[in-house]
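Inspection log for the structure reproduced underneath, given as structure tokens.
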Amino acid sequence: MTVNQLYKSFGKLEVLKGISTTVSKGEVIAIVGPSGSGKSTFLRCLNLLETPTKGQVWIGNHEITNPKVDIMNVRENVGMVFQHFHLFPHKTVIENIMYAPMTVKNQSKNEAETVAKHLLSQVGLLEKASEYPAKLSGGQKQRVAIARALAMAPEVMLFDEPTSALDPEMVKEVLEVMKSLANTGMTMAIVTHEMGFAREVADRVLFLDDGMLVEDSPPAEFFTAPKSQRAKEFLEKVL
Ligand code: ADP
Ligand code: MG
């Protein structure tokens with residue numbers, strides 16, 4: 001995935017001010033920075049939930065910012081997990097996972113079910129297949145949301161503060177699932193406040209401040225010797 005001089009404005013408010021970076025296949029990046037710095041907007045531009053004002057994004061060889069691109073196609077290929085899980089409340093866990101592959105990819109029920117069961121066991125929730133989301137804990141809901149995104153076999157997975165809405169005791173189970181996903185070689189971009197996780201799992205940390213990419217370094221460097229004053233101040237607050 002390559003991002004070149006990405007800008008995004010909402011009316012007069014310029015939120016992203018020329019972000020450029022490349023994420024290799026299988027790489028995991030953590031995106032950190034103060035509230036309001038543009039982290040969510042950046043992530044949302046990567047699957048066209050927001051339309052960038054200027055600049056290019058390539059997923060593989062495919063320029064998704066080309067105006068001729070099929071937006072649905074892009075979203076199939078770029079999975080996203082949100083802070084709030086957005087599961088379909090009237091579908092069971094397994095139906096939540098089977099829905100998009102059957103409706104968007106025309107998978108047969110059997111095929112979708114086989115994939116869904118495999119993914120549910122990957123996130124440790126096979127025994128919850130027939131439950132409704134309301135019966136699950138926050139951590140379990142988020143693991144289902146991850147499985148649901150994976151069911152489309154995306155090339156890249158985006159996570160926007162996936163553990164921020166969880167009770168503390170459920171954070172770990174979700175981070176464990178994400179860590180094992182990272183170990184499968186999935187390309188991942190994760191907005192997170194979990195600095196321990198970023199340090200352990202990410203290949204690079206991107207520090208955003210005021211819509212600019214201020215640092216893009218390996219965690220060992222970012223956490224011990226940040227180059228900018230702004231990153232130093234941020235780390236003093238969060239560590
Ligand atoms: P972060 O995720 O780092 O907290 P966001 O990307 O959510 O930051 O927001 C960055 C800035 O963009 C904020 O000032 C926010 O109010 C503004 N913003 C985000 N989305 C919209 C929108 N849809 N319309 C107008 N302003 C927005
Ligand atoms: Mg945000």
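Return the subset of 54/232; 141/172; 8/39 for which the Cα-Cα distance in this structure is over 20 Å, preserving the input order.
Violating the 20 Å limit, Cα to Cα: 54/232.
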TODO: State the three equivalent ellipsoid semi-axes of segment 1-130, derived from the C-alpha gyration tensor as the square roots of 5 times its eigenvalues, in descending order and whole Å.
DONE: 32, 17, 14
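Where does the chain land on Rg(C-alpha)/(2.2 N^0.38 Å)?
Cα-based Rg divided by the globular estimate yields 1.01.
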Task: With Cα atoms, 0 to 90° folded angle of helix 168-183 axis to the chain main axis - done: 90
- [ ] Please work out how much accessible surface residue 160 shows to a 1.4 Å probe, ignoring ligands, DNA and RNA, in Å² rounded to 10.
- [x] 20
Task: Cα-centred dipole magnitude for the chain, charges only on beta-carbon of K, R (+1) and D, E (-1), debye, nearest 20 - done: 400
Open item on the list: Under the rule that an exposed site lies in a DSSP loop and has at most 10 other Cβ atoms within 10 Å, name the longest stretch of the chain with no trypsin sites (Lys or Arg not before Pro) of that kind, not counting the sites themselves.
Closed with: 69-239
TODO: Summarise the accessible area of the chain (1.4 Å probe, protein heavy atoms) by the percent that is carbon and sulfur.
DONE: 50
Open item on the list: Per residue, how large is the accessible surface of segment 69-121? Use a 1.4 angstrom probe and give square angstrom.
Closed with: 56
Task: Surface accessible to a 1.4 Å probe, per residue, for the residues of segment 5-56, Å² - done: 43
- [ ] Using just the alpha carbons, could you tell me how many Å³ per residue the convex hull of segment 77-180 encloses?
- [x] 89
Task: Rg/Rh ratio calculated on Cα atoms of segment 110-231 (Kirkwood radius) - done: 1.03
- [ ] Post the alpha-carbon centroid distance, segment 35-49 to segment 170-239, in whole angstrom.
- [x] 16
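The values are calculated or read from the model by the stated rules, or taken from the named source; none is laboratory data. Computed from a predicted structure; not experimentally measured. So basically every Cβ, Gly included, is an ideal-geometry build from the backbone, and we count neighbours across all protein chains shown. Quick note on the areas: whole protein, heavy atoms, side chains included, nothing else; ligands and nucleic acids left out. Shrake-Rupley method; radii C 1.70, N 1.55, O 1.52, S 1.80 Å.
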